[in-house]
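Any read-out appearing in this document is the output of simple, stated calculations on the displayed coordinates, not a laboratory observation. Treat the numbers as computed from the prediction; the structure is a model and nothing was measured. Don't worry about glycine lacking a Cβ; one is built from the backbone with ideal geometry, like all the others, and counts go over all protein chains shown.
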Amino acid sequence: MLTEIQFAPGIDKQDTSVGAAGRWVDSDLARFRYGLPEKIGGWSSLITDTIQGVARAQHSFVDKDGNRYVAIGTDKFLIIFFEGQLFDITPFITNNAGAQTTFVSTLATDSTTAKTCTVTTATAHGLIDGDMVVFDNVALDASLTAVGLTNAEFEDKLYQVLTVPTSTTFTIESVNQASAVVATNTFGTTQPYVSIGPSEQTYGYGFGSGAWGGTVTGAVQNDLDGALAADTAGNNGSATQIRLTSTTGFPTSGTIAIGNELITYTSIVGNELTGITRETNGTSTAIHADEAIVTNATSYNGWGAAVNAGTIVLEPGLWSLSNWGDVLVASVANGKTFTWDSSIAARLTTRASMQTLSPGSTDIDTSEYWTGIGTLTSANTLDGDEDEAVGNPTASRMTLISPTTRHIIHLGTETTIGDPTTQDDMFVRFSTGEQLNQYTPLATNAAGTQRLQDGTKIVGALIAKENILIWTNNALYTMKFVGAPFTFGFEQVGTNCGLIGKNAAVEIDGVAYWMSNNGFFAFDGTVNSLPCSVEDYVFDDVDTTKGQQICAGLNNLFTEVTWWYPSQGSDFNNRSVAYNYGEAKQPPLGTWYTNTNTNFNRTTWMDTLIYPQPYATAFDSTGTGTFPVVQGQSGLGKTTYYAQETGTDQVNPDGGSTILTSFIQSFSFSLQADQSEVFLAMRRFLPNFKVLTGNNIITLSVKDFPAQDDLQTTLSPFTITSNTLKVDTRARGRYANLKIQNTGAGESWRFGTFQVDIQPDGRRG
């Protein structure tokens, strides 16, 4: 007789394969729509270029002329996507006065590594390992051109800083270096990019603690007196001691940092550190030049060094992106805020600049900036006459703009504007309405401040339907406009429901959904824990120490919220879990599904706001991006920019395709209600697909006992086409499970019903 097997929507990993009665138990690249499972849509690369680094933020907006833009922030760059092209608008480092920093430099080559060049600056450069620099006005002398270097190799070219031996030197990798030469000619100018942060979050053992850049305010520093070779001995004549120009302020025993290497010592004799041990705490030996900076690292670890404590978190490079009408407002996590005006004629060849003036101000000066395509042109930058203290805060965890009242809001910011040492991770500061730079509360304005209490740091925030939602690592607050005299009112609406990472929350139709460190939550006026049928699987799998890398994405085309996360042992996002809020009320644990296909790894996601499909970024840590061009350096990873829900497969930047294979597997259903004694025979099944493009494969497995997964019998996979009416089979057992999958290009499916012909087949012996 024909029996129809019923399946409820969603994946259930909380129960056993038999206990999850009526449910599906596993899936990949599959979703549920109207209660039925189907393969998810494909995706196509939007551009032929790939972006350097890992993208952490996207923001789209439309200017007054109807032009559509997307700002993309990576751990290295700030980029504009416009009409199928990319434009580098990354700000340059600015000094305290707001002007670009210019250096007179000399170029030399490293004596041990043919392609390593050392650049010497006239003043302290402020660079750290991994920063980006652009050179201008290059004039090489004959000693350098004789070994194969050319002016064109450096002029208007982008390089990554490899090491920082001293405060006035840094190294880069030359593209065409033939031999070691030292030159003392004027090299030109060095224009550094703003530092954004590392590519991944590290916690406990890993990269260093302290502020970004591995420095601690007030740490004792001095210079190395004599270079150190890349071995256990200093070249000053001793294998067990290091000489400094002065040891004043250094403890009698401890740890020092030189570049990215940590070195311990047991005593001090005069200006010499004795009993030294190189490459401590997992660091590697390196060459250190004479006069290299030596920092007391006894109580902390520098950037690039392994830590020996498990309580310090170094967050990845993150951006906050929003727009003030035509003006893009972009802030670096724990750093400054920048603006980019899309209304000016030269917008696509103009860099973002530090925000201290209101849009439209004429108090600007003309400086040089790099277009990313080989020329230096004029850009709008501040002339240095403005006092940052009356402008924007210089250190904030994130920023956003109130859309109705047009206040710019800084979260986790300075208590004293312009003094980054006063940054408080729980402090909120907002400007007066319609002003980007007036933050001092006065009787005549609507600026103000508020410190939140529940938690240790603000993690994320969203613009919701009626409120601004602010999450700490433990609580949820609402921020609502109330008018004079307080401007905004703050209310704690939940505790023990903190956000796992800045980008781990979304909002749709007045409801916010987010991922915490130990569960999923929703807020519709009240904080509610989301019942989750895959909760144990996800939280046993996710690396919660990399929470700031987690990305949540809303896909309103299919009423889905998806969280992409790094699993245990993975440095970057490689898994995802999705919640279908449109079908949430059907099963008691909600409609959830999981994905492990690494082709579907995403670091940012943007819903269908100004474009017909969602736009998303995927990161490959082993690749090298093509935009912008970084000379002589690989290993930054590459980000591919995709339009989602297009076709059935993945279309790559080169136009080639990657097959997307999907599957879904059912619970082990009983072949008879009273299964205590009777075995049953399955003679045939009738597949029914609502949609079927190409071929599909159905696999049946049978077993005699619930815990017999390792001994179950798997029948040969059956190829199903749109013309398949029935499949004859011979199977005997008490339980069976069904797996639906596709393996070929251009295939898609949407499953309907499943009927089997079952006959009694004797009793258990």
Task: In order through the stretch 473-483: 3J(HN,Hα) via Karplus (6.51 cos²θ - 1.76 cosθ + 1.60), integer Hz, x for Gly, Pro - done: 6, 9, 9, 10, 10, 9, 10, 10, 5, 10, x
TODO: Give a quick list of chymotrypsin sites (Phe, Trp or Tyr not before Pro) in the stretch 7-67 that DSSP marks as loop, anything other than H, G, I, E or B, with at most 12 other Cβ atoms within 10 Å.
DONE: Y34
Task: Residues of type lysines that K726 reaches as a straight line, Cα spacing below 20 Å, ignoring anything fewer than 8 places off in the same chain - done: K690, K739
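Do any trypsin sites (Lys or Arg not before Pro) in the stretch 30-92 lie in a DSSP loop with no more than 15 other beta carbon atoms within 10 Å, and if so, which?
Passing sites in the stretch 30-92 are K64.
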Task: Cα-based reach from K457 at 23 Å (exclusive), listing lysines while leaving out same-chain residues under 8 positions away - done: K336, K480, K502, K546
Task: Built amide H within the under 5 Å cut-off of V25, gap 5+ - done: D12, Q665, S666, F667
Task: Reachable lysines from K115, criterion Cα separation under 26 angstrom, eight or more residues apart if same chain - done: K76, K157, K638
Open item on the list: In 10 Å bins starting at zero, report the fraction of Cα pairs in the stretch 494-556 per bin as a rounded %.
Closed with: 22, 56, 22, 0
Open item on the list: Show me the ranking of peptides 518-529, 595-606 by mean Cβ neighbours inside 10 Å, starting with the highest.
Closed with: 595-606, 518-529
Task: Residue-by-residue Karplus 3J(HN,Hα) for the stretch 26-35, coefficients 6.51, -1.76, 1.60, Hz, glycine and proline x - done: 7, 6, 7, 6, 10, 9, 10, 9, 6, x
- [ ] Taking the Cα centre of the stretch 470-608 as origin, work out the dipole magnitude from +1 charges on Lys and Arg Cβ and -1 charges on Asp and Glu Cβ, in debye rounded to 20.
- [x] 240 debye
- [ ] Check each of the trypsin sites (Lys or Arg not before Pro) in the stretch 434-481 and keep only those in coil by DSSP with at most 15 other C-beta atoms within 10 angstrom; list them in order.
- [x] K465
